[in-house]
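To keep things clear, I will list the structure first and then write my remarks on it.
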Amino acid sequence: IKTYKQIFAVSQSVDVDKIPISLPVTFQVGVNPILKDFQQCLDRPPNTNQLIRYNCKWKDSFGYSINQEFIFRGNKSWHYSQMVSNVDLKCLAADRAEAGAAVSFKECSDNDPLVRWVYNYGRGFMKLAEHPHLCLGVAENIPRDPLLETVHMKIDRCEFSVIGLANNAQMISVHDLHFKHIKEDIPLTIQQHSWCLDRPFNTRDTLNLFACSGGGNQQFVWYNKFTWQYHYLLSHVDNLCAGAGSSTEKPEPHSRIVFKKCSDTDLTIRWIYSYGLSQLKLAEWPELCLDFDDSIKVFAINPCSFLDGGGFGGLWPAFNQVIEFPDIVKEPERKDADDDDDEKLSASRRRGAANRRRHNKVRAIDETERLFEEDSSEGDSFEMGKMTDSTMRQILLGKSWIAVLGAGFILGGLVLAAWRSRCGPRAM
């Protein structure tokens, strides 16, 4: 008797988006297959350096939460990336390279191996680049709030599920927030609440706000070299760099923005843009932001400030620190009610979804019309049937009366004629 051994090779992978470099994303932790509207994400609570798992806020009607936005910052020459909080650009770091170690946010350093991360697209692990056997995951042994479902994160030995993916406590999925990089090396008009950043023609040494005119003094160039982690903001008038204060030292609050010659050694002209927060920060001192200073009526450098919306809205920048570059937000991805919230619609799927919505709408209209026609046709046919029968009866009755009257007239004529013939003519 022959026996046959059957071997099935099943390939398993995680359906994730590629992490965009230097743009905000959110990270979902684990998968809730039952309550898909209540997934959980990596979250940095306001005014702390902790990393926890919390209910995803990007599914709320209140919009995105900055507390749950992170930047995978890297360089093509690196074999790793830094996981940066979009709140203050601090890096996520492990306390030590040991299983069970806590994680927290601290100042970034290119020389610190504990801030270097790599993402395993095939399995869903977030690993320490220098210690790839250690993965980011849920610290289940730490007490948690049963109402808020807040759970701290830690690093531990990477563990696989039965299907070969990261287990649910270490499964990290990426969700794109639809930002695009600022266009470089072309003149741009930059706005703050429908007003344009403006370099006055009369002085040219300050940065102001003015009604948008499209003039060259309202155009600026976002310039970067390949190896830089920062950008220059150049005036399109004379290619001078916007910088904080007249010196090259750390500027004091309320230091005016001036235009000066670009220099690689000047730290005050190095800028980074915080997508989502819409703040323009000094790369060397990310706690300092470009601010339209009401006290001096021009742009200056001031401490970055936020409006804390708590659990509903997260953190949002102060009104005078919102800086809006053009065309950095993609068209929002819209989903069908039948689609899973965990899937991002591609262009083809958007077209398919639009066709389905159109088809469903037409089908709903057709169904409504059909039901209406059935209801109305049943009623109309019943009424029309009654009307037809009644009309026919009336016609037949009318014909019958006409026949009776005709017969009566004929019979009367015959009786009259017989009577005359019997009686004969009257004598005169």
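The values are calculated or read from the model by the stated rules, or taken from the named source; none is laboratory data. Since the structure is predicted, the reported quantities are computational estimates derived from the model, not experimental observations. Here Cβ is always computed from backbone atoms with ideal geometry, including for glycine, and neighbour counts include all displayed protein chains. Just so you know, the surface numbers come from the protein's heavy atoms only, side chains and all, with ligands and any DNA or RNA stripped out. Shrake-Rupley method; radii C 1.70, N 1.55, O 1.52, S 1.80 Å.
Counting Lys and Arg as +1 and Asp and Glu as -1 over every other residue whose Cβ lies under 12 Å from the Cβ of CYS289, the net charge comes to -3. Across every direction, the projection of the convex hull enclosing the Cα atoms of the stretch 219-268 has a mean area of 3.8 nm². Note on exposure: PHE306, PHE409, PHE220 ranked by accessible area (1.4 Å probe, complete protein assembly) read PHE409, PHE306, PHE220, with the most exposed listed first. Measuring between alpha carbons in the structure, the pairs from LYS261/LYS297; LYS225/LYS281; LYS183/LYS250; LYS18/LYS106; LYS18/LYS127 lying more than 20 angstrom apart are LYS261/LYS297; LYS183/LYS250; LYS18/LYS106. Starting from the Kirkwood radius over alpha-carbon pairs of the stretch 152-199, derive D by Stokes-Einstein at 4 °C in a medium of 1.567 mPa s and give it in µm² s⁻¹. Roughly 82 µm²/s, to the nearest whole number. Determine the shape class of the stretch 177-236: with a ≥ b ≥ c the square roots of the Cα gyration tensor eigenvalues, call it rounded for a/c under 1.5, and otherwise prolate if a/b is greater than b/c, oblate otherwise. Judged from the Cα gyration tensor, the stretch 177-236 comes out oblate (a/c at least 1.5, b/c at or above a/b). Electrostatic bookkeeping for TYR230 treats Lys and Arg as +1 and Asp and Glu as -1; over the other residues with beta carbon under 10 Å from its beta carbon, the sum is +2.
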